[in-house]
Structure formats: structure tokens, C-alpha cells
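The values are calculated or read from the model by the stated rules, or taken from the named source; none is laboratory data. The shown structure was predicted, so the numbers you read here are calculated from the model rather than taken from an experiment. Methodologically, a virtual Cβ is constructed for each residue, glycine included, from the backbone with ideal geometry; neighbour enumeration extends over all protein chains shown. For accessibility, only protein heavy atoms count, side chains too; no ligands or nucleic acids. Shrake-Rupley method; radii C 1.70, N 1.55, O 1.52, S 1.80 Å.
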Amino acid sequence: GKGQRCHLSVPNTAVSRNARHSLGRFCSQFSQPLGEKVTPLWISSGGHHFSAWSIHSIRSLHTSPSFQAAPVPLFWIIVKPAQKLLAIILGRSIRNWWKALPPNKRELFKESARRNKWKILLGVCSLGVVFVMFYFTHLEETPITGRARLLVFGKEHFRELSQMEYEMWMEEFKNQMLPETDACYQVVERVVGHLSESNKDIPEVSALQWVIHVVDEPRVNAFVLPNGQVFVFTGLLDAVSDIHQLSFILGHEIAHAVLQHAVKKASLVHFLDFLSLIFLTMIWAICPRDSLAVVGQWIQSKLQEFMFDRPYSRTLEAEADKVGLQFAAKACVDVRASSVFWQQMELAETIQGQPKIPEWLSTHPSHENRAEHLDRLIPQALKIRESCNCPSLSGPDPRLIFRLNMQHLLESSKDQQTPNSTKQDLSKPKLDFAHT
């Protein structure tokens, strides 16, 4: 409906046979068109072991690292510390001026403030109105979702910064880039190409030229710069179990770029930082000692971080999950695999005994909540997939298979525990589900 275009598949790209040892099985597995049903490695009846999911390397996936997710204009990098320093100096000067006043002049000043309290209140309200007007006059509609967003910086300026950041990353990883003839590169290229082709009816997708870079690096990560430069680390290819999971993750990253989350995040942070200068000046003016002012400044910065910055980052991640799932559905991907990926990440941390960080301390939703959120979105994504006349999904639901495999794994882990051991050795868990 509404002119939605759907593309079943893209031309089959033959994958070269010189795949590297660690990723050869994964990268050589997916030489068929993405529109067709691909059997996940971990439920294959062909005797595959769970090697595609290298659980030992999984710590936590934080796609779109904070610096990539919110590149900052150059003037902001220079001016921002200067603004804080100016606020501290101004607040400290006000405090010292007040201390130096004789008692009689302090009383006169207080009396004058009481007489003009309505004028002072009017001035404060006027300042508040200016900030509110600035906020609402810089709101724009987000592509696809239609949500209102704050944009302080120009998109053209961000494109220039994206190019600078791209050159920085290329310089850092110039000796780790896989060639275009590599099997893993071709898999990523085909997945991104299929996602962009299947969603080319969206102007923001067709407007960007998606360029692939596969970095031979064990970190589990991927990100897309606002100018369409796609960076995928081989650690992510180790972490996913099948091409459906990879398609969803890359769809998520493409959604970040299409929705211009970099601009939105930087705009909000800049707006809040400017407002915080007023509170910073008040803290240094009111606190009787510098030590107390430093503590007050730290509390103020942490309140801003945990009440605004991190919740907003989690909101953007949830939005990218939703739109990325829609991108994957139009590409005829098995969208049910998206939830399985985050369940895998949750299981990996459980097996390794890693402490769970509360979600409110993170810039990303927890793996568990992310999987639950996707489970709620999957029915709608399946309807989108059906409307695109995609091939029917055959076989059992991968979420059900994973739950059975997880139960089998936990039971096997208990059986491995020695009688004299009070704590299980989880450094190298066995992940062979071939006979499950």
C-alpha cells in the first residue's frame, strides 16, 4: 500500500572460495539470493556446529559507537570548554563580589531585589520563553517515522564532518581492510545492496551511496556514517548465526543514517549543554567553597547524563531497531531472527558470568529488553513482509528453536560441573547444537 516497493531478491553474487579460516564457513554459506530462505547455521541438519557464533569473543554489542553516533562540529569542540570555563569564572566572581560586600550593602541589595521581584521574575520568564521559542522553531519531522526532532546544526556541515571522520577511520584501519574479492566483503556488500535496493522507494535511502568497508578486527561492532560509509568488523560476522541476523543488524545501522540520528543527538546535547551553563553559573555563585562547587557541578553533569543524554540515546536505538526491522522485512529477511540475535547476546553474557549493568546506566537498551521490544514489532514486520509477496517462511520459528537450544546448553553446562568444584568453569563453553 501507499506505493510501497518490494523487491524479492537481487542477482546472485558468487562468493569467492578463498575465505579466511575463522569466517570461511559463515561467508561461504550465503551464496544464494537473500530473498530465499536460508537455514540458520545453528539449526542446520548438515552437522554444523555453532562456530558461526563465536561466543568467546562476544562481550557486548554497541553498534554506532558514541563518537560515530554524534559527531560534533569543530567550533563546538573549541567553544564548549570555553563556555564552561566562562560560566565558572562568572559564578565565582559573583560569589567573591557578594562576600566582599559590607553587611549594610548586602541588606540594601536584598531590599532592592524584593522591591523588583516581579521585574526579575519577568526577566527570567522572558529568558525561558526565548529558549522555548528556539526549541520549537528548530523542530523538523523525522523521515519515515514522522516524529518531531530538534535540529540545531546544518545537515551540510555534518556531511563535511562525516567525510573527515571517514578519512580518520580509513587511516586507522588502512592495514586491516578486507579486499573486495574477500568472501566476507562480498557477503556484506550483497546484504547492504539488497537492503538498499529493497527500500529504494524511500528517498533518504536512495539518496545515499552506500560504500562498504569490512575491517579485520575482532570487536563485535558495525556503524554507518551519515554520508553512507558502512563499516563492519569481522567480529560481528563471527557473532551472528545466519544472514538474517546480519541483515537486521545492517538494517539497524542504515536506519541510524537514514533517520539522521547523529544530527539529532548532537543537537539535543548542544541545546542541553547551553542550558546547563545557567545552572553551572548559579552553582559556582551559590556554593560557599570551590570544593562544594566542584561537587555540585559533577552532580549537575551526571543528572543531565542520566536523565536526558542516555535515555535519549536508548530512544534512538529503539527507533533504529523499529525502522531497521521494516527495512529487513521489505528485503524478505526472516525478521524473527532479529530477536534471536539479542537473545544470543544475553546468553553469551550469562554463560561468561558477566555482571549485568542496569539499563539506565547504558546508552543502549539491555539485550533482554531489546529482544522483547523486537518480539512486539515482529508481527507488524511479518505483515510488511507478506505485503511484499516474499516467499513464505518455512520451518520452525527460530525463536522457539533457540529457546530449546538454550535449555539444552544450560543443562549441558550443569553436567560439566565437577563434583569438587563449587563454581563452573565457563571460559570455554561447548556450543555444539548439531544433535539438538
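Considering only residues that are in contact with a Ser or Thr (Cβ under 7 Å, 6 or more places away or on another chain) and of a type outside the set (A, V, I, L, M), which ones fall in segment 76-121?
Within segment 76-121, the first condition is being in contact with a Ser or Thr (Cβ under 7 Å, 6 or more places away or on another chain), and the residues that meet it are 87, 90-91.
Selection gives G91 alone.
So if I check each of V263, V269, V230, which one is part of a strand (DSSP E or B), touching a residue at least 12 places away in the same chain (Cβ under 8 Å), closer than 29 Å to F158 by Cα and β-branched (V, I, T)? Show your work before the answer.
Numbers: V263 fails: part of a strand (DSSP E or B); V269 fails: part of a strand (DSSP E or B).
Just one listed residue meets the conditions, V230.
Can you list residue pairs whose Cβ atoms sit under 8 Å apart, with the first residue in segment 101-125 being surrounded by 11 or more Cβ atoms within 10 Å (Cβ to Cβ) and the second being among the β-branched types (V, I, T) and modelled with pLDDT under 90? Count only pairs 6 or more apart in sequence or on different chains.
From residues that are surrounded by 11 or more Cβ atoms within 10 Å (Cβ to Cβ), the pairs are A113/I120.
Wholly within segment 132-225, which strands (runs of 3 or more DSSP E) include no fewer than the required count, namely at least 2 residues that are of a type outside the set (A, V, I, L, M)?
Values: elements: 139-141, 148-150, 211-215, 222-224.
Per the criteria, 139-141.
Looking at segment 317-436, what helices (runs of 4 or more DSSP H) fall wholly within it and have at least 3 residues that are surrounded by 14 or more Cβ atoms within 10 Å (Cβ to Cβ), at pLDDT below 90 and not charged (D, E, K, R)? Give the derivation first.
Working: elements: 336-351, 367-387, 398-416.
Passing ranges, in order: 336-351, 398-416.
Pull up segment 144-200, narrow it to residues that are touching a helix residue (DSSP H, G or I) at 6+ places or on another chain (Cβ under 7 Å) and aromatic (F, W, Y), then point me to the one that is least open to solvent (accessible area, probe 1.4 Å).
Looking at residues that are touching a helix residue (DSSP H, G or I) at 6+ places or on another chain (Cβ under 7 Å) and aromatic (F, W, Y), I get F158.
Does at least one position in segment 134-148 carry a residue that is over 26 Å from G324 (Cβ atoms), of a type in the set (V, I, T) and out of contact with any Phe, Trp or Tyr (no Cβ under 8 Å at 6 or more places or on another chain)? Walk me through it before giving the result.
Of all residues in segment 134-148, those over 26 Å from G324 (Cβ atoms) come to 134-138.
Add one more test, that the residue is of a type in the set (V, I, T), and what stays is 137.
In the following step, the residues that additionally are out of contact with any Phe, Trp or Tyr (no Cβ under 8 Å at 6 or more places or on another chain) were identified as 137.
Yes, the conditions are met somewhere in segment 134-148.
If S247 passes every condition in (1) touching a residue at least 60 places away in the same chain (Cβ under 8 Å); (2) surrounded by fewer than 23 Cβ atoms within 10 Å (Cβ to Cβ) but one, which one does it miss?
If we test S247 against (1) touching a residue at least 60 places away in the same chain (Cβ under 8 Å); (2) surrounded by fewer than 23 Cβ atoms within 10 Å (Cβ to Cβ), just (2) comes out false.
How many of the residues in segment 282-298 are surrounded by fewer than 20 Cβ atoms within 10 Å (Cβ to Cβ) and in a helix (DSSP H, G or I)? Steps first, please.
First, pick out the residues of segment 282-298 that are surrounded by fewer than 20 Cβ atoms within 10 Å (Cβ to Cβ): 282, 285-292, 294-296, 298.
Next cut, in a helix (DSSP H, G or I) only: 282, 285-286, 290-292, 294-296, 298.
Count: 10.
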